[in-house]
Amino acid sequence: MQKRWYDLDPTVSTAVSLMEQAEEKVQLECAHYIIDKAKNYGVRLSESDLSETFNYLFRRWYDKNRQLHDAFEYLKVAPYDVQLGIAFDIIEKLQKDKES
């Protein structure tokens, strides 16, 4: 059975799962954070990477919104340590939002 890219690490998987359960406004805040953080670490995607991956069937929950889709593409190609750092930050933010 093939795992999804984010299921390879339990922390990243938890962050994605928590984002999926969050309200759309919070999802978009997290997406913006992921993109900014990934870019700050030098993660780059070509324009063709973004458009080609977005233009096929929208099977995943995060494909419903271009910003969410792009954020997960950045997270997917980021080095493992960057993925992990972002995942911890997202988990912390979502837990704080849940407690509020």
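Can you pull out every residue in region 67-94 that is farther than 13 Å from residue 29 by Cα, over 9 Å from the mean Cα position of the chain (by Cα) and free of Cβ contacts under 8 Å to residues at least 60 places away in the same chain? Result: 77, 78, 79, 81, 82, 85, 92.
Yes or no, residue by residue, for (1) assigned to a helix (DSSP H, G or I); (2) at pLDDT 95 or above; (3) within 18 Å of residue 4 (Cα to Cα):
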| site | (1), (2), (3) |
| --- | --- |
| 56 | no, no, yes |
| 63 | yes, no, yes |
| 73 | yes, no, yes |
| 83 | yes, yes, yes |
| 90 | yes, yes, no |
| 96 | yes, no, no |
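The values are calculated or read from the model by the stated rules, or taken from the named source; none is laboratory data. Just so it is clear, the structure is predicted and the values come from calculations on it, not from any experiment. Here the Cβ is made from the backbone with ideal geometry for all residues, glycine too, and neighbour counts use every protein chain on show.
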